[in-house]
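Here's the structure we're looking at; comments come further down.
The values are calculated or read from the model by the stated rules, or taken from the named source; none is laboratory data. In this text the structure is predicted, and so the values were computed from the model without any measurement. Backbone-built Cβ (ideal geometry, glycine too); neighbour counts: all protein chains shown. What goes into the accessible areas is simple: the full protein's heavy atoms, side chains included, and nothing from ligands, DNA or RNA. Shrake-Rupley method; radii C 1.70, N 1.55, O 1.52, S 1.80 Å.
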Amino acid sequence: MGETGRFAPSPTGPLHAGSLVAALASWLDVRARGPQARWLVRIEDADTERCLPGMGEHILQQLAACGLLPDKAPVWQTQRTARYQAALAALQAHGLAYPCGCSRKDISEALALRGQAPERHGERVYPGTCRNGLHGKPARAWRFAAEKFDAGRELHWTDRRLGAQQQNVGREVGDFVLRRADGPWAYQLAVVVDDAEQGVSDVVRGEDLADNTARQVLLQRALGMPTPSYLHTPLVRGADGDKLSKQNGATSIDTGTPQAALAALDTAAQVLGLRATTASGCTAALAAWVPEWRALYNSRPS
Ligand code: GLU
């Protein structure tokens, strides 16, 4: 299908300094591969409760103001639920998805009973309570049988920027959610189905998402889908050195004028280790960064 990259923003707020870094990096990565490579945009609105109305359109306008134009019409996850349903059905058919009746409290209590409280990024490691049945409780979520599928194995992969990575998903994350009780599709399932269907060969996104990679690779394998290459970009730090968030000033970037859009792009480029631009417009600045990106990042992991 050719080389394909994508930017996959969640329309929970406008583009901010951090998401512009991911957008720029994924665009440069595609352009550095040559004219046949394609850059796609996917609006990740599967988690409808967190999304704001009109925000997907707003993000597309902000990207366009920066000269970042997708090569095909953007895809919206809310229009693709039949595909997520089919993937869940395939996993169910292979005994790799099971219903879970546990609330957060149930999970904490089950872990406490074992004298454990393992957590990963604020999420409790699921102890497998419903793996062999719901114990009379109503189903609240569908979970991926990670521990069964990876059979205690460690997953190894190479990130194009972070280098050699490994994770034991069953032990370190546990059987993770594919679809939540309240209906929305979990990010992990939607992203894997969409990346495969859009023919994405190279995922470039923020380092805050790096920890999801092993879960996604396992799902790709379980669904017989190819695994793309992964590159996780540096995070934008707030003045306090912490990850940029709304609390420490990660507000919307200004793309209201061509000069403001260029300044926003220039800041993002410097996070990626690219030189400050001397161009007078976004298009010229982007073109000048392409060979620089190619020199810095454009090799696939071996
Ligand atoms: N929608 C996710 C986010 O905005 C990104 C998903 C991805 O790039 O895999 O955090």
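Overview of values
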{"quantity": "Furthest towards positive pole of dipole, Val203, Thr158, Thr129, structure part the chain, Cβ charges", "calculated": "Thr129"}
{"quantity": "Under 5 Å, built H, 5+ apart or other chain: amide partners of Thr233", "calculated": "Arg205, Gly206, Glu207"}
{"quantity": "About the Cα centre, charge dipole magnitude for the range 61-206 (Lys/Arg +1, Asp/Glu -1 at Cβ), debye", "calculated": "360 debye"}
{"quantity": "Mean Cβ count within 10 Å, highest first, over the residues of peptides 84-92, 37-45", "calculated": "37-45, 84-92"}
{"quantity": "Hydrodynamic radius by Kirkwood, which averages 1/r over all alpha carbon pairs of the range 52-161, in angstrom", "calculated": "17.9 Å"}
{"quantity": "Label point at Leu113 placed 7 Å out along Cα→Cβ; residues across the range 119-139 whose backbone nitrogen lies under 14 Å", "calculated": "127-137"}
{"quantity": "Charge-dipole axis of the chain as Lys and Arg at +1 and Asp and Glu at -1 on Cβ define it, positive-most pick from Gln259, Thr227, His16", "calculated": "Thr227"}
{"quantity": "Potential lengthening between Thr48 and Asn168 on full extension [0.36 nm per residue; Cα-Cα distance subtracted]", "calculated": "40.2 nm"}
{"quantity": "Protection proxy ranking, peptides 190-202, 95-107, average beta carbon neighbours within 10 Å, highest first", "calculated": "190-202, 95-107"}
{"quantity": "Where no second cysteine Cβ lies under 4.7 Å, the cysteines concerned in the chain", "calculated": "Cys51, Cys66, Cys102, Cys282"}
{"quantity": "Total charge dipole magnitude, the range 7-124, about the Cα centre, Cβ charges on Lys, Arg, Asp, Glu only, Debye to nearest 20", "calculated": "300 debye"}
{"quantity": "Label point distance in nm, Ala263-Arg237, each placed 7 Å from Cα along Cα→Cβ", "calculated": "2.3 nm"}
{"quantity": "Distance between the range 258-299 and the range 99-129 - C-alpha centres, whole angstrom", "calculated": "44 Å"}
{"quantity": "For the chain, size of Cβ-based charge dipole, Lys and Arg +1, Asp and Glu -1, in debye", "calculated": "600 debye"}
{"quantity": "Computed lengthening from Arg221 to Ala279, 0.36 nm per intervening residue step minus Cα-Cα distance", "calculated": "16.5 nm"}
{"quantity": "Accessible area (Å², per residue) of the range 43-126, counting only protein heavy atoms and a probe of 1.4 Å", "calculated": "55 Å²"}
{"quantity": "Backbone HN-Hα couplings from phi across the range 288-293 [Karplus 6.51/-1.76/1.60, Hz, Gly and Pro as x]", "calculated": "6, 7, 4, x, 5, 4"}
{"quantity": "Over the chain: Kirkwood hydrodynamic radius from C-alpha pairwise inverse distances, Å", "calculated": "20.4 Å"}
{"quantity": "Length released on extending from Arg131 to Trp76, taking residue separation times 0.36 nm less the Cα-Cα span", "calculated": "16.6 nm"}
{"quantity": "Fraction of antiparallel bridges per DSSP, the chain only, in percent to nearest 5", "calculated": "55 percent"}
{"quantity": "Sequence-distant residues sharing a close amide H with Thr4 (under 5 Å, placed H)", "calculated": "Arg38, Ser201, Asp202"}
{"quantity": "The range 187-240-the range 1-78 distance, computed between alpha-carbon centres (Å)", "calculated": "14 Å"}
